[in-house]
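Undergrad: Sharing a structure here in structure tokens format.
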Amino acid sequence: MININTNISFWERIWNSRTMIIDGLSSTILVSLGAIVLGTILGVIIGLIITYGNKYVKMPFKAFVDIVRGLPLLVTIFIIYYYLDYILKSIGIVMSPMIIGIIALMIFCSAQVSELVRGALQNIPKQQIDAGRALGMRFPQILKDILLPQALVEILPPWVNSATEIVKGSTLLSLVSIAELMLVGKQLVAKHPRALAYYSLIGLIYFTINTAIELGGKALEKKISFVKK
Amino acid sequence: MNYTFNFNVVFRNIDVFLKGLGLGLYLAVVSLTFAIIIGLIIALGAVSNHPTMKKAARIYVTVFRNTPLLILVYIIYFGLPDLGLILSKPVAFILTLSLYGAAYMTEVFRAGLESIPKGIIEAGYAIGLSKRMVMLDIRLPIMFRSVLPSMGNYLISLFKDTSLAAAIALPEITYITKRLNVESFRTFEVWIAAAFLYVVTSFLMAKGLGLLEQKWEIK
Amino acid sequence: MTEPLLKIRNLGKSFGKVKVFEGANLDVNEGEVVTIIGPSGSGKTTLLRCINLLEQFEEGSILLDGKEVGYKVENGKRKRYSEHVIAEQRQMTGMVFQQFNLFPHMTALKNVMLGLIRVKKLPHDEAEKISRKWLERVGLADKVDNYPAQLSGGQQQRVAIARALAMNPRIVLFDEATSALDPELVGEVLNVIKQLANDGITMILVTHEMRFAYEVSDKVVFMDGGKIAAIGTPKEIFEDRALPRLKEFLYNFNI
């Protein structure tokens, strides 16, 4: 076993690399946030189409959701990355790898969110729509004032779970060399082979982010359900 | 854009693809088995009356559910050797996936145990059964029957998670597809093949589980 | 005169600051049928559940067959017996619950056999024989291999009665055994209970079935607001109704 004898301790190295680490962390947060926000918006739209659309309109969207949910996230990332890369190159557009990463995670997120939305909306009794119609409301209004508020309470906890899945999934972007926190970890280990220490530290950072999201979600839940009562 | 599809690469390597599928299924099934065993033990701690065991269970679940699987794989495969523990790739991956899955199964088992009507448990005590007998003869059998569908669905989820084995060069579907991509430059074709395998396998597993559920319902 | 089988002395229970019941005194002799009646919240179910230690109690004592049950006094301090001992003591009582509480994953036969095999440690064949005998006695010989989900409420409750009695307890406790049943099924269960009473089984019933209580009881206990307000024969309680509260309560039952 090679004994690496250096004068610089583990924590000193961490301090020296702090810019790298902070860059990686901000990339991770940026990519995750982008994917979650865009993915949720897209997922809500797709979910609405699948729940209320007519038979032919919803077919391609159902197929999209079924395929994406049947794929591992890693495969989705590889496919989007390689396919987009090829297609864009042949058109002559250069897209930053991070944007591609956001797109891949966004697609994954949208498929999950659409299922949540569909499930929650289908649980609301049809009579609620009838009641709205009887009052003279049109469907978009019924959606806004009656259906979505009720669905929101049911969607929130699993949505928080999806958000943490996206943060965890962002680590997979390192496997297509997109610069985020996981990749920084690998680089640190390459320079100074203390795998256990570095990966545990990086793992702790992700754990903290996700736990913060979890706690934030619980606090939000309390606020919403109180209002709804 | 000019691209002519040529699926020869896929057809020439069908055996490699299928071996990768087999490995993926193997990793998933073995990991689920260990996840169930470990998860059950932790769940028993979670529903016990010992505050320390309850806290330890909660900590375990939180740590393994909020940390990315990829990092856990790296910690176990690359990190443990720092402590002198060197594991082979399959063992390291199965260990990781088992510990990760155990956190999920703990929650499933805990919810299953807590959802049993208290009256049924009281009836067990009323005829003089001890705590251990009530757990073994009444609570666990009822719980297992109710969580069977969740366990089946989680197997499908774990199967998709085996794609991460590619990160440590285990030759399951994702890894060999990536390798074929590099070797043949037939990007579209090989990844369509990989996607097809995953989606169809997941679909068949779901259908199979549905049929099993129906069979048991009637009984 | 022999000693009463069950002696309840000054029993009291609270949930935190709320007193559920206090100062309960009751004797039950072997072969007696005692019913406890009273308005909801009077503490009657909780009192019953103290007898087989499903509820803890802070004051007083319960003696079953001369032995102090549930708690002992050690060095001047009151301590609950260990789980092990309590499980043994529960063998002296049997309970039939309002919600039946049959084990859903076992057939009627297995439901009755479980206690005999696991607690009384009887060999399989003997346990089966006893269980079949009891299921026949409650009129369900043809349903022994059915699961609870396949049985009506009345049938489930009769299995529950067989399950309690197969263990050969000294006293059987009935906690509103017919309250959760559809009206047309109540009769079959009451009939079984009446037969058991005629056979000399010692039982305590918490019930709202007033006519049944009148017909079957040797002793009626009226509980109100956490206290035993009256104990008497059915005639004394239902016909003479000395207490105004008792009059008020029974008025609601059109008796």
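Undergrad: Could you list all residues from the range C:25-50 that are open to solvent by 10 Å² or more (accessible area, probe 1.4 Å) and among the polar types (S, T, N, Q)?
TA: Those that are open to solvent by 10 Å² or more (accessible area, probe 1.4 Å) and among the polar types (S, T, N, Q): C:Asn25, C:Asn29, C:Ser40, C:Thr45, C:Thr46.
Undergrad: Just checking, does the range B:148-155 include any residue being part of a helix (DSSP H, G or I), without any contact (Cβ under 8 Å) to a residue 24 or more places away in the chain, within 14 Å of chain A (Cβ to nearest Cβ) and closer than 23 Å to A:Gly70 by Cβ?
TA: No: zero hits.
Undergrad: Restricting to the range A:194-203, name every residue that is surrounded by fewer than 20 Cβ atoms within 10 Å (Cβ to Cβ) and at the interface with another protein chain (Cβ under 8 Å from one of its Cβ atoms).
TA: A:Arg194, A:Leu196, A:Ala197, A:Ser200
Undergrad: Oh, and also: Considering the range B:124-138 alone, what residues qualify as being more than 7 Å from every other protein chain (Cβ to nearest Cβ) and more than 17 Å from C:Gly94 (Cβ to Cβ)?
TA: Here is the first cut: in the range B:124-138, the residues more than 7 Å from every other protein chain (Cβ to nearest Cβ) are B:124, B:132, B:134-136.
Correct list: B:Arg132, B:Met135, B:Leu136.
Undergrad: Next question, about the same structure. I need a count of the residues in the range B:8-53 that are closer than 17 Å to B:Leu99 by Cα and either of a type in the set (Lys, Arg) or open to solvent by 80 Å² or more (accessible area, probe 1.4 Å) (or both).
TA: 4
Undergrad: Name the residue, out of C:Glu22, C:Glu3, that is open to solvent by 60 Å² or more (accessible area, probe 1.4 Å) and either among the aromatic types (Phe, Trp, Tyr) or assigned to a loop (DSSP other than H, G, I, E, B) (or both).
TA: Result: C:Glu3 is the single residue among C:Glu22, C:Glu3 that is open to solvent by 60 Å² or more (accessible area, probe 1.4 Å) and either among the aromatic types (Phe, Trp, Tyr) or assigned to a loop (DSSP other than H, G, I, E, B) (or both).
Undergrad: Can you confirm whether C:Gly187 is small (Gly, Ala, Ser), without any contact (Cβ under 8 Å) to a residue 40 or more places away in the chain and in contact with a helix residue (DSSP H, G or I) (Cβ under 6 Å, 6 or more places away or on another chain)?
TA: no
Undergrad: Let me ask you something else. Can you name the residue in the range C:113-128 that is within 14 Å of chain B (Cβ to nearest Cβ), outside any helix (DSSP H, G or I) and on the phi < 0 side of the Ramachandran plot and is also most open to solvent (accessible area, probe 1.4 Å) among such residues?
TA: C:Lys120
Undergrad: Going by the conditions given, is A:Ala179 away from chain B (no Cβ under 11 Å) and outside any helix (DSSP H, G or I)?
TA: Answer is yes for this residue.
Undergrad: Residues A:Ser170, A:Ser162: which one is part of a helix (DSSP H, G or I), hydroxyl-bearing (Ser, Thr, Tyr), in contact (Cβ under 8 Å) with a residue 24 or more places away in the chain and more than 11 Å from every other protein chain (Cβ to nearest Cβ)?
TA: A:Ser162
Undergrad: OK, next. Could you go through the range A:91-111 and let me know if any residue there is aromatic (Phe, Trp, Tyr) and either open to solvent by 40 Å² or more (accessible area, probe 1.4 Å) or away from chain B (no Cβ under 14 Å) (or both).
TA: Narrowing the range A:91-111 to residues aromatic (Phe, Trp, Tyr): A:108.
With either open to solvent by 40 Å² or more (accessible area, probe 1.4 Å) or away from chain B (no Cβ under 14 Å) (or both) added as a condition, the list becomes none.
No, the range A:91-111 contains no residue that is aromatic (Phe, Trp, Tyr) and either open to solvent by 40 Å² or more (accessible area, probe 1.4 Å) or away from chain B (no Cβ under 14 Å) (or both).
Undergrad: So is C:Lys67 more than 14 Å from chain B (Cβ to nearest Cβ), touching a helix residue (DSSP H, G or I) at 6+ places or on another chain (Cβ under 9 Å), farther than 23 Å from C:Asp175 by Cα and loosely packed, with under 13 Cβ neighbours inside 10 Å or not?
TA: yes
Undergrad: Moving on to the next point. Taking the residues in the range C:74-112 that are part of a helix (DSSP H, G or I) and touching a residue at least 40 places away in the same chain (Cβ under 8 Å) as candidates, determine which candidate is most open to solvent (accessible area, probe 1.4 Å).
TA: From the range C:74-112, those part of a helix (DSSP H, G or I) are C:83-92, C:108-112; that's our starting set.
Those still in the list that are touching a residue at least 40 places away in the same chain (Cβ under 8 Å) too: C:91-92, C:108, C:111-112.
Numbers: C:Gln91: 50, C:Met92: 32, C:Ala108: 5, C:Asn111: 0, C:Val112: 2 Å².
Step by step, filter the range C:74-112, then rank; the result is C:Gln91.
Undergrad: Please state which one of A:Ala212, A:Ala131, A:Ala151, A:Ala195 is without any contact (Cβ under 8 Å) to a residue 40 or more places away in the chain and under 16 Å from the mean Cα position of the chain (by Cα).
TA: Exactly one of A:Ala212, A:Ala131, A:Ala151, A:Ala195 is without any contact (Cβ under 8 Å) to a residue 40 or more places away in the chain and under 16 Å from the mean Cα position of the chain (by Cα), namely A:Ala212.
Undergrad: Continuing with the same structure: Determine which single condition A:Val189 fails, assuming it passes every other condition in (1) open to solvent by less than 10 Å² (accessible area, probe 1.4 Å); (2) at the interface with chain B (Cβ under 8 Å from one of its Cβ atoms).
TA: Here A:Val189 clears every test but (1).
Undergrad: So, one more: Mind checking which residues of the range B:54-72 are surrounded by 22 or more Cβ atoms within 10 Å (Cβ to Cβ) and β-branched (Val, Ile, Thr)?
TA: B:Thr67, B:Ile71
Undergrad: Would you call A:Val167 buried (at least 19 other Cβ atoms within 10 Å of the Cβ), under 14 Å from B:Ile71 (Cα atoms), in contact with a Phe, Trp or Tyr (Cβ under 7 Å, 6 or more places away or on another chain) and modelled with pLDDT of 95 or more?
TA: On the way: buried (at least 19 other Cβ atoms within 10 Å of the Cβ): yes; under 14 Å from B:Ile71 (Cα atoms): yes; in contact with a Phe, Trp or Tyr (Cβ under 7 Å, 6 or more places away or on another chain): yes; modelled with pLDDT of 95 or more: yes.
Criteria met by A:Val167.
So that you can scan it fast, the table gives a plain yes or no per residue for (1) within 30 Å of B:Ala92 (Cα to Cα); (2) at pLDDT below 95; (3) not hydroxyl-bearing (Ser, Thr, Tyr):
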site	(1), (2), (3)
B:Tyr104	yes, no, no
B:Arg110	yes, no, yes
B:Leu113	no, no, yes
B:Ile138	no, no, yes
B:Leu158	yes, no, yes
B:Asp161	yes, no, yes
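Undergrad: Report every pair of residues separated by at least 6 positions or lying on different chains whose Cβ atoms are under 8 Å apart, first residue within the range C:236-255 and modelled with pLDDT of 80 or more, second β-branched (Val, Ile, Thr) and assigned to a helix (DSSP H, G or I).
TA: Short answer, once both residue conditions are applied: C:Leu246/C:Ile237.
Undergrad: Continuing with this model, one more query. Right, A:Ile49: modelled with pLDDT under 95 and surrounded by 15 or more Cβ atoms within 10 Å (Cβ to Cβ) or not?
TA: Criteria met by A:Ile49.
Undergrad: A follow-up question, please. For the range C:181-190, give me the residue count where each residue is in a helix (DSSP H, G or I) and surrounded by 14 or more Cβ atoms within 10 Å (Cβ to Cβ). Full working, then the answer.
TA: Here is the first cut: in the range C:181-190, the residues in a helix (DSSP H, G or I) are C:183-190.
Subsequent filtering for residues that are surrounded by 14 or more Cβ atoms within 10 Å (Cβ to Cβ) retains C:185-186, C:188-190.
Count: 5.
Undergrad: Additional query: Quick test of your reading of the structure: B:Phe196 fulfils all but one of (1) at the interface with chain A (Cβ under 9 Å from one of its Cβ atoms); (2) of a type in the set (Phe, Trp, Tyr); (3) closer than 19 Å to A:Arg69 by Cα. Name the failing condition by number.
TA: (1)
Undergrad: Mind telling me which of the residues B:Val190, B:Val182 ends up being open to solvent by 40 Å² or more (accessible area, probe 1.4 Å) and within 14 Å of chain A (Cβ to nearest Cβ)? Step through it out loud before you land on a result.
TA: On the way: B:Val190 fails: open to solvent by 40 Å² or more (accessible area, probe 1.4 Å).
Going through B:Val190, B:Val182 in turn, just one is open to solvent by 40 Å² or more (accessible area, probe 1.4 Å) and within 14 Å of chain A (Cβ to nearest Cβ): B:Val182.
Undergrad: Within the range B:75-97, track down each residue that is within 7 Å of chain A (Cβ to nearest Cβ) and charged (D, E, K, R).
TA: B:Asp82
Undergrad: Still on this model: Please enumerate the residues belonging to the range B:76-90 that are closer than 21 Å to A:Phe10 by Cα and outside any loop (DSSP other than H, G, I, E, B).
TA: Result: B:Ile76, B:Tyr77, B:Phe78, B:Gly79, B:Leu80, B:Pro81, B:Asp82, B:Leu83.
Undergrad: All but one of (1) open to solvent by 10 Å² or more (accessible area, probe 1.4 Å); (2) farther than 26 Å from C:Met223 by Cα hold for C:Val159; which doesn't?
TA: (1) is the only condition that C:Val159 fails.
Undergrad: Going through the range A:112-142 one residue at a time, which ones are hydrophobic (A, V, I, L, M, F, W, C) and open to solvent by less than 30 Å² (accessible area, probe 1.4 Å)?
TA: A:Val113, A:Val117, A:Ala120, A:Leu121, A:Ile124, A:Ile129, A:Ile142
Undergrad: Let me ask another. Quickly run through the range C:215-232 and pick out the residues that are free of Cβ contacts under 8 Å to residues at least 40 places away in the same chain and either within 27 Å of C:Asn168 (Cα to Cα) or in contact with a Cys (Cβ under 9 Å, 6 or more places away or on another chain) (or both).
TA: C:Glu215
The values are calculated or read from the model by the stated rules, or taken from the named source; none is laboratory data. Being a predicted model, the structure only gives us computed values, none of them experimental. Using ideal geometry, Cβ is built from the backbone for each residue, glycine included, and neighbour counts are taken over all protein chains shown. Ligands, DNA and RNA are stripped out before the accessible areas are found, and what is left, the full protein with its side chains, is counted by its heavy atoms. Shrake-Rupley method; radii C 1.70, N 1.55, O 1.52, S 1.80 Å.
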